[in-house]
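Each remark here refers to the structure printed beneath this line.
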Amino acid sequence: MLTREENDLLCRVEGDAPMGQIFRRHWMPACLIEEVAEPDGDPVKVRLLGEDLVIFRDTNGKIGILDEYCPHRRASLAFGRNEECGLRCLYHGWKIDVEGNVVEMSSEPPQSGFVEKVKHKTYPAHEAAGFVWIYMGPRETMPEFELPFFAPTPDTKVSIGKVMIDCNWAQILEGAIDSAHSSSLHSSDMVPARVDGAKATNTNWLRPSTDKSPRLQVQRTSFGFRYAAIRRPIMNANTHDYIRTTLFIAPYSVLIPPNNMYNIAILHIPSDDTHTAFHFIAWGGDTVSSTEEWRKFIACQVGIDVDKNFRKTRTRENNYLQDRQAMKLGNFTGIKGIPNQDIAMWETMGPIADRSLDRLGASDFAIVEFRRQMVEAAKKFVETGEVIGRTEPHIPQVKLQSFEGVVPKSTNWRTINVSAEEMASGETSDATSAAE
């Protein structure tokens, strides 16, 4: 368990909170490109790390990310007119371009020169892999943008499901690195079968194991950590193991083991201390589902499961539309869609889970490592300014891979799908404690 002080270090991201300052020193998804696809289209209101922003695409197709509130009298620019290469505040007609320049002040006399004295707050933006990315840290610390691990080439096919979730980012990320829960919570969607590895169909995922109690082993890395969930396979259980390796890429990404059709990634971007933008991504080659097919499979379709702002229709107030009759007929949760089953668990922990009350066991090995590593990272940032995920040896994200498969028991999982840079770095070490 964590103390309440440690829990705050892990969870709090607003203002000067160390964890929020760590996030600010990484490029983060701010919104989907599809939300701002049209030049002079609707501005998009976004909240990140407790800060209210507005994102728009100007007449020339450039992206601007601005402080939401007009520098004049702090009215919301989310209601502004997007026209002629600027966002115009409705209140007094001040217009601001993507660089934060106030280019017109309708309410001020031209001879005042006031327009040259005001600069509005903006953040750097970059478009890639289906997202508009933002850097919110000091400009002098901004790294060059690199392609994320789920888009190793600019033409990688990426399908993204997005949901706004009403709880803290850390309890959501803990769900993404919790291999043990899938055998219970998702048992009606992740179905044991006599197959040689994970398979995807139009209705569910097949797995070659009935083992609900995996053995977990963790290995720290310069980017965060990887861990293996080792299960008994259905076939050849005496000579083989079923291994799934998952990567935590600090501070907010998780690379999930693939199936025969696509790879899977999850990104957790804090809106503030108690709200999170959750992104569930299928990526890879030609066998990746279209965006709409993917959203239908995970029950995150816009206009059906979420509204145009990605606010979910399944909430705690309506019991996440849980179907008790379906449960009687054999469905484990009665909740449609893998992410929605998770959301029901995450949100019912409370806006910020009280980890001082947890009782963790061997199946929580990766959770223990995540908490330990990120609390240490927050303390180290305060002491030295060091940022987890930006220390040497630097390994480009596009070289990172997860793994799943049935392999001989003699296989060393730490060497599977590991890049030459990781092998040569000598910076990894095994975690030693299996439970708190």
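What the table below lists for this structure:
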item: Lone cysteines, the chain (no partner Cβ under 4.7 Å); result: Cys11, Cys31, Cys85, Cys167, Cys300
item: Charge dipole magnitude, Cβ of K and R +1, D and E -1 - segment 16-105, Cα centre, debye nearest 20; result: 280 debye
item: Distance from segment 184-207 to segment 41-109 (C-alpha centre basis), Å; result: 47 Å
item: Rounded Å value of the spacing that divides the Cα centres of segment 232-275 and segment 142-162; result: 17 Å
item: Point-charge dipole on Cβ atoms (K/R +1, D/E -1) for segment 173-262, about Cα centre, debye to 20; result: 180 debye
item: Estimated 222 nm signal from helices in the chain, with DSSP H stretches of n ≥ 4 weighted -39500 (n - 2.57), rounded to 500; result: -4500 deg cm²/dmol
item: Segment 56-145, relative contact order [Cα under 8 Å, separation at least 6], %; result: 23 percent
item: Heavy-atom surface of the chain, accessible at 1.4 Å and reported per residue (Å²); result: 44 Å²
item: Folded to 0 to 90 degrees: helix 365-384 orientation relative to the chain principal axis, Cα; result: 40 degrees
item: Peptides ranked, highest mean first, by Cβ atoms within 10 Å: ranges 111-123, 292-304, 330-342; result: 330-342, 292-304, 111-123
item: Selection from Ala326, Ile256, Ile234, by position along the positive dipole direction of segment 214-351 (Cβ); result: Ile234
item: Computed over segment 227-326: relative contact order in percent, which uses C-alpha pairs under 8 Å that are six or more apart; result: 12 percent
item: Contact order normalised by residue count of the chain, Cα under 8 Å, 6+ apart, percent; result: 19 percent
item: Cβ charges +1 (Lys, Arg) and -1 (Asp, Glu), total dipole of segment 112-241, debye; result: 260 debye
item: The chain - share of DSSP beta bridges that are antiparallel (%, nearest 5); result: 95 percent
item: Fraction of antiparallel bridges per DSSP, segment 266-403 only, in percent to nearest 5; result: 90 percent
item: Rounded tilt (10° steps) of 338-348 against the dominant C-alpha axis of the chain; result: 80 degrees
item: Furthest towards positive pole of dipole, Ala344, Val387, Ser290, structure part the chain, Cβ charges; result: Ala344
item: Bins of 20 Å from zero: percent of alpha-carbon pairs in the chain; result: 24, 56, 18, 2, 0
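The values are calculated or read from the model by the stated rules, or taken from the named source; none is laboratory data. As the structure is a prediction and not an experimental result, all values here were calculated from the model. Note: ideal-geometry Cβ built from the backbone for every residue, glycine included; neighbour counts use all protein chains shown. Calculation scope for accessible area: heavy atoms of the full protein, side chains included, ligands and nucleic acids excluded. Shrake-Rupley method; radii C 1.70, N 1.55, O 1.52, S 1.80 Å.
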